[in-house]
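Report on one structure; see the data block that follows.
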Amino acid sequence: MRVLVAMSGGVDSSVAAARLVEAGHDVVGVHLALSRDPQATRESARGCCSLEDSADARRVCDKLGIPFYVWDFSDRFKEEVIDNFVWSYEHGETPNPCLRCNEKIKFAALLDRALALGFDAVATGHYAVVDSDGNLRRSADPLKDQSYVLGVLTRSELDHCIFPVGDTEKPQIREEAARHGFATATKPDSYDICFIPDGNTQAFLGSSIGMRPGIIRDQDGTELKVHDGAFQYTIGQRRGLDLRVPAADGKPRYVTGIDAATGVVTVGPREALQVSVIRADRLKVLHPEMTGAFRALVQVRAHGGVVPCLVDIAGDEMTLELGRPLEGVATGQAAVLYLPDPDGLGDIVIGSGTINATA
């Protein structure tokens with residue numbers, strides 16, 4: 001099989017490439033250049049797309065004796081990920097740019113080009129498993145499971161994806177990389193937004209959107225503070241509100257609503273964050289079970305837990321009635337549906353939608 005491996009410059013994609021070479025596949029490594037100005041992504045940035053990362057990926061491919069290329073997807077990344085990130089915050093949503101990158105870049109643009117060039121599949125270092133029936137399932141390492149951020153794939157995309165490290169826990173992956181002599185064996189995991197390498201999301205959004213003063217109000221309508229932009233807040237936020245007037249009951253207040261059009265940010269008690277109904281659109285279906293009305297598990301954050309729900313799908317929209325309330329669910333996030341683990345091999349991802357309303 002001819003396989004293109006997306007090489008981030010980290011330990012996981014390094015071992016993914018090594019395993020495919022050892023399995024006898026015809027392997028080529030590619031690093032995605034996602035920044036229009038790669039010099040602006042400093043060394044030791046906490047993302048995954050710096051010049052340092054590209055060099056690390058090249059060294060791994062040299063050691064494995066496989067071809068290595070850099071493909072420039074910076075224009076599409078700017079349009080599909082960065083601009084969407086800014087637009088979402090501008091409209092009061094809380095997007096997940098890594099999930100969007102998987103959807104639009106790694107498993108759309110990259111896969112399209114790979115198939116056009118005659119590759120059979122694209123491989124990444126994601127922690128997830130595709131079983132013998134083609135189902136996307138959770139990885140063997142629950143602490144690193146990334147099936148949530150892969151729930152935005154289409155069925156045809158998943159059919160051309162390989163996740164070689166998903167059946168192994170992270171410590172063993174690092175040991176395997178060390179045995180190969182990869183410098184990435186001890187490289188820290190990326191955990192920040194790659195296009196905001198200093199981690200200051202508010203400053204990035206402020207420069208992109210501009211200051212738009214508005215009001216923070218309590219749920220009873222009391223005006224508490226003037227803010228510089230609703231983009232600075234997310235549903236469920238407690239820290240950084242800097243409210244000088246204490247709540248009547250003395251308890252902490254959280255962001256419970258964001259009206260980007262008026263600039264009004266509403267705060268209230270923690271119990272006001274609870275939602276029992278989620279509505280979502282932009283559905284992605286990975287499993288025939290995802291149709292009509294059925295029961296499933298839903299996850300709404302990359303590192304969140306799951307709750308049981310009753311799903312009702314009509315057209316390209318779905319309504320989820322939750323078995324127990326969830327807190328701080330924001331529009332713009334993905335609701336990824338799972339079937340409970342039927343055989344000890346991990347929950348099965350059946351599809352996803354983008355949250356557009358809660359109640």
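Structure data summary
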| item | result |
| --- | --- |
| Cβ-Cβ FRET estimate between A116 and S276, R0 fixed at 51 Å, reported to 0.05 | 0.65 |
| Residue order, fewest to most surrounding Cβ atoms within 10 angstrom, among I258, I196 | I196, I258 |
| Value of D in µm² per second that Stokes-Einstein yields for region 211-268, Kirkwood Rh from Cα pairs, at 20 °C (1.002 mPa s) | 191 µm²/s |
| D72-D228 pseudo-label distance in nm [points 7 Å out on the Cα-to-Cβ vector] | 3.5 nm |
| Amide H contacts under 5 Å for Y254, placed H, 5+ residues apart | G268 |
| Under 21 Å from the Cα of K284 - lysines, other chains or at least 8 residues apart | K104, K106 |
| Peptides ranked, highest mean first, by Cβ atoms within 10 Å: ranges 220-227, 176-183 | 176-183, 220-227 |
| Residues E327, E103, sorted so that the one with the fewest Cβ neighbours within 10 Å comes first | E327, E103 |
| Farthest toward positive dipole pole in region 174-250 [+1 Lys/Arg, -1 Asp/Glu at C-beta], among Q219, A183, I196 | A183 |
| Descending principal axes extents, the chain, alpha-carbon based, whole Å | 66, 48, 35 |
| Among G166, P269, V21 - extreme Cα towards positive end, dipole of the chain, charges at beta-carbon | P269 |
| Cα-based shape type of region 275-358, given that a ≥ b ≥ c are square roots of the gyration tensor eigenvalues and the cut on a/c is 1.5 | oblate |
| Exposure proxy ranking, count of Cβ atoms within 10 Å, fewest first, for S14, S352, S156 | S156, S352, S14 |
| Integer Hz, Karplus 6.51/-1.76/1.60 couplings in order for region 149-160, x for Gly and Pro | 6, 9, x, 8, 6, 8, 4, 5, 5, 4, 5, 10 |
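Rule-based calculations on the coordinates, nothing more; no lab input. The model shown is predicted, which means the values in this text are computed figures rather than measured ones. Using ideal geometry, Cβ is built from the backbone for each residue, glycine included, and neighbour counts are taken over all protein chains shown.
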